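Heads up, the thing below is written out as structure tokens.
The values are calculated or read from the model by the stated rules, or taken from the named source; none is laboratory data. Note that the coordinates shown come from a computational prediction; the quantities given were computed from them, not determined experimentally. Cβ placement follows ideal geometry from the backbone for every residue including glycine, while neighbour counts extend to all protein chains displayed. Remember, those area values only see protein heavy atoms, side chains included, never the ligands or the DNA or RNA. Shrake-Rupley method; radii C 1.70, N 1.55, O 1.52, S 1.80 Å.
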Amino acid sequence: GACCSYRLRDALHPLWQSPLTIPGGTRQSPINIQWRDSVYDPFLKPLKISYDPTTCLHIWNNGYSFLVEFDDSTDRSTIVGGPLENQYRLKQFHFHWGAINEWGSEHTVDSKFYPAELHLVHWNAVAYPTFEEAVMEGNGLAVIGVFLKLGTHHEGLQTLVDALPAVKHKDTIIEFDVFDPSCLIPSCPDYWTYAGSLTTPPLTESVTWIIKKKPIEVDENQLEAFRMLLFTSDGEEEKRMVDNFRPLQPLMNRTVRSSFQ
Ligand code: SG4
Ligand code: ZN
């Protein structure tokens, strides 16, 4: 089951040779979102997303996921509102997924895993001069999480899927000039939000998580294309890029707020 796959991944993946937990961590991610324990906050604003498709730069396989990176030198692709006090700039997005459809997401809802989860990573360029500095601060990052569920073909995602064979191996990178990731975000405005961390080292407690309630639908072939990627470089013994998610972390003294009743 999922718990064995975690151990296998943790044992095999070099990224996780560093500690799995942060000693004294109080706001680690991911978490299980218990729907009935989330608290409706009528003061939460709608999240406003404004992305410029031409800020898209490239796709690279970094040996843990594939990343689509954006030019974040100006405020051309940003989010504002929701739980955020500043405007945040889009830096990159990536996914986490399972070897099979029964697991793969990092967050769960009422203990249910989705087969994959999209993360759009933004940083607070109002308060901090660089992404690297924002990573170290409590209000430095804002990540939008979107669950992927099995269903109909997703046209917007297919543009990405078509590019994946070119970044099959670790450390490969290809140009990807124009892409609007808002096509991957459900139009339903409802979200949960909580204070958490990065889900890979350095696991810093710098992330305001914004988890969309409604998943997007993708088809089996699209998930299979993710699973054809490799953790390994060209020439190494091939290891499929699957189960690249962190285990659930304790909620501790935190409240998950919802934007909806
Ligand atoms: C993935 O490993 C990305 O490849 C990382 O991006 C990312 O790290 C990491 O996930 C953690 O992000 O939204 N899951 S997460 O908490 O964005 C950062 C890179 O390594 C710092 C560039
Ligand atoms: Zn992530």
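Remarks
- Surface share of carbon and sulfur [accessible, 1.4 angstrom probe, percent] for the chain: 54
- Springs between Cα atoms under 10 Å define the GNM used for the chain, and in it the highest mean-square fluctuation of Y128, Y64, Y191 occurs at Y128.
- Taking 25 Å as the limit for the C-alpha separation, the pairs K112/K214; K170/K214; K45/K214; K112/K170; K214/K239 exceed it in the case of K170/K214; K112/K170; K214/K239.
- Full-extension gain in nm, K112 to M136, via 0.36 nm per residue minus C-alpha separation: 5.6 nm
- Under-5 Å amide H pairs with Q34, H placed in peptide plane, nonlocal only: D110
- Of all beta bridges that DSSP places with both ends in the chain, some 80 percent have antiparallel geometry.
- Largest to smallest in accessible area, the residues D41, D180 fall in the order D180, D41 (1.4 Å probe, all protein chains included).
- Every helix of 4 or more DSSP H residues in the chain counts as -39500 (n - 2.57), and over all residues that averages to -3500 deg cm²/dmol at 222 nm.
- With viscosity 0.890 mPa s and temperature 25 °C, the Kirkwood radius over alpha carbon pairs of the range 116-260 converts through Stokes-Einstein to a diffusion coefficient of 143 µm²/s.
- Computed extension gain for D171 through V126, at 0.36 nm per residue and net of the alpha carbon distance, reaches 13.1 nm.
- Per-q log10 I(q)/I(0), the chain, q = 0.10, 0.11, 0.15, 0.17 Å⁻¹ (Debye; single scatterer per alpha-carbon; no solvent): -0.46, -0.56, -1.14, -1.53
- Sites excluded, GluC sites (Glu not before Pro) in DSSP loops with at most 15 other C-beta within 10 Å, longest stretch of the chain: 138-235
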